[in-house]
Amino acid sequence: MNKLKVGLIGTGGIARSCHIPGFLSIPDECEIVWICDVSPEALDGARALVPGARSTHNYQDLLSDPEIGAVSVTTPNAFHKQPTIDALNAGKHVICEKPLAMNAVEAREMCLAARKAGKILMVALQMRFAGPALFMRQYIDAGHMGDVYYARAQALRRRGVPHWGVFIDKEKQGGGPLIDIGVHILDLTLHLMGHPKPVTASGATWDRLGKDPNIVNPWGDYDRTKFTVEDMAVGLIRFDNGSVVVLESSFMANIKDELFRTELFGTKSGALVKGWGENAIEIYSERDRQLFDMTPRNVPDVKSAHTAEIQAFVRAALNGDPSPIPGEHGLALNAIFDALYKSAATGQEQPVHASLT
Ligand SMILES: NC(=O)c1ccc[n+]([C@@H]2O[C@H](COP(=O)([O-])OP(=O)(O)OC[C@H]3O[C@@H](n4cnc5c(N)ncnc54)[C@H](O)[C@@H]3O)[C@@H](O)[C@H]2O)c1
């Protein structure tokens, strides 16, 4: 089988810590042949990991190379759309970091470009490849949960503002914790609920802690005057099958513990699912009028969900399979965020426009 030749657009934190190791983990199936970043330092960092790759500051250089079959887009959110569409139009498969885009308008354009090109557009949402997600998908598919009609999804940090990159800049990021980490727990939740169609959303956001120079951020200091995103967002999302998700996400909040988990309420049982770690799943059920709490012992031991995600992308591209996480799922998430932000600004519940047209 021919190896998939890959180009990377953006060689910052996530590219170096996750995408590059993911591609390097299957050297018989793929090879990184181009790396691109506008920053010389970021390019140097990646060059140390893939010394054989050609490098450029202009991503058009790698798109014009006919050898390249796939592209990884790991630029900040405001720079996902154009490289992705250009890569698809150049006939390359694309894996694009989460959130797919700044908003649903951009995400829709990206999905339509993938359809037109007949190429894979995959959204990098690695939680689906982690052990707890794999276990729960099987458990739900076997019918043990019944209908999951409600979920409470939480991605809450007590003090965790990313001080590097553009994570506090609404213009380049599209939003704060909602779009940055809420996206992961909401995606995991919707994945486990079987992707019901979102219909309306009601949300609220705050930014007082994030802007306050007197509040400590142990991750590192940042310029409080440049903090233009929310520090916390909550939302209630309604779906066409009557189910509801309540979502909470924060970079800063006065809470005891950081939480990254979703709690699913099913007609046959309930489940508390953490993203990773030991005892990541608790299941609550009833049998013979007795109540049971269960902790599964055979949750798949996935060493790196990021690596599993990249491997799934490469194999789908090589085998001509559909996208492991289609752009349309990223579009639905962006459409929900659009509605939540608009609701927070207006104080009114908003429709969610997640369709492709
Ligand atoms: N899946 C995850 O768990 C996860 C974790 C962190 C970040 N991310 C996502 O990855 C993306 C990047 O985040 P990061 O933490 O790596 O940020 P980063 O700032 O470390 O890296 C982004 C890189 O993109 C480069 N860049 C910007 N515009 C460019 C362009 N036009 N062409 C080429 N390079 C360009 C920057 O110079 C920078 O080196 C974001 O969308 C973020 O949401 C995902």
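Points worth noting:
- Residues that are among the hydroxyl-bearing types (S, T, Y) and closer than 19 Å to V148 by Cα occur at least once in segment 270-289.
- Filtering segment 287-325 to residues that are surrounded by 11 or more Cβ atoms within 10 Å (Cβ to Cβ), more than 22 Å from the chain's Cα centre (by Cα) and not hydrophobic (A, V, I, L, M, F, W, C) leaves T295, P296.
- Listed conditions (1) within 12 Å of the ligand (Cβ to nearest atom); (2) under 18 Å from the mean Cα position of the chain (by Cα) are all met by G45, apart from (2).
- Selection from segment 25-51 of residues that are of a type in the set (A, V, I, L, M) and either out of contact with any Pro (no Cβ under 9 Å at 6 or more places or on another chain) or assigned to a loop (DSSP other than H, G, I, E, B) (or both): I26, I32, V33, I35, V38, A42, L43, A46, A48, V50
- Scanning segment 156-190 for residues that are more than 11 Å from the ligand (Cβ to nearest atom) and either touching a Cys at 6+ places or on another chain (Cβ under 9 Å) or of a type in the set (V, I, T) (or both) gives V161, I168, I185, T189.
- Conditions (1) assigned by TED's automatic domain parsing to the domain that holds V71; (2) β-branched (V, I, T); (3) part of a loop (DSSP other than H, G, I, E, B); number of the one not met by T357: (1)
- Residue in segment 2-24 that is farthest from the ligand (Cβ to nearest atom), counting only those that are within 14 Å of R315 (Cα to Cα) and outside any loop (DSSP other than H, G, I, E, B): L4
- Beta carbons closer than 7 Å, at least 6 apart along the sequence or on distinct chains, pair a first residue in segment 86-110 that is within 14 Å of G174 (Cβ to Cβ) with a second that is of a type in the set (D, E) for N103/D338; A104/D338.
- Segment 227-243 residues that are in the same structural domain as K211 (by TED's automatic domain parsing), paired with ones that are surrounded by fewer than 24 Cβ atoms within 10 Å (Cβ to Cβ) and among the polar types (S, T, N, Q) (beta carbon under 6 Å, 6 or more apart): E230/T205; A233/T205; L236/S202; R238/T200
The values are calculated or read from the model by the stated rules, or taken from the named source; none is laboratory data. Given the structure is predicted, the values throughout are model-derived calculations rather than measurements. Note: ideal-geometry Cβ built from the backbone for every residue, glycine included; neighbour counts use all protein chains shown.
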